Amino acid sequence: MSVLLEFSMFPTSDNCREGSSVSKQVAKIIDAIDKSGVAYKLTPMGTVVETETMRQALDIIELAYEQVSDCDRVYSSLKFDIRKGKKNRLTTKIESIEEKLGKSVST
């Protein structure tokens, strides 16, 4: 099974922001995901991870929240795409589109 999870998470409280920037807190989340060994892709609007189970995906959300749990308020948005019998969709979904376009759009 492949669970694709696209999410964003960041503090909205003054005690965890530097002006309007939340990049320092988001960097903590990305560092924790990177150290977890889960396949992921950082985008300008969020992060996409791929896990083999829903439990693993939810564990990533919990791990991310732990990085900002000292903040008074945290915003998060999550989307899931769950598909049985598939793997490596973090890359193969893009490759499928590139193939149909006859070119590479990720370079």
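Odds and ends about this structure:
- Rounded to the nearest 20 debye, dipole of region 3-107 from Cβ charges on Lys, Arg, Asp, Glu: 500 debye
- Efficiency of FRET between S96 and M1 - r from beta-carbon atoms, R0 25 angstrom, step 0.05: 0.85
- Averaging the sequence gap over all C-alpha pairs within less than 8 Å and six or more residues apart, then dividing by the number of residues, gives region 2-101 a relative contact order of 46 percent.
- Projected onto their three principal axes, the Cα atoms of region 41-107 cover extents of 48, 28, 14 Å, largest first.
- Crossing angle, helix 89-101 versus the chain [Cα axis fit, 0-90 degrees, rounded to tens]: 50 degrees
- Amide H to amide H, with H built 1.01 Å from N, K86 comes under 5 Å of S2, counting only residues 5 or more places away or on other chains.
- Full-stretch length increase - K87, A27 - with 0.36 nm per residue and alpha-carbon distance subtracted: 18.9 nm
- Here the gap between T43 and S69, fully extended at 0.36 nm per residue and compared with their Cα-Cα distance, gives a gain of 7.1 nm.
- Furthest towards positive pole of dipole, A64, V38, S2, structure part the chain, Cβ charges: S2
Read-outs throughout are calculated quantities, based only on the coordinates presented, and are distinct from any laboratory measurement. Remember, predicted model here, so these are calculated numbers, not experimental data. Virtual Cβ from ideal backbone geometry, glycine too; neighbours counted across all protein chains shown.
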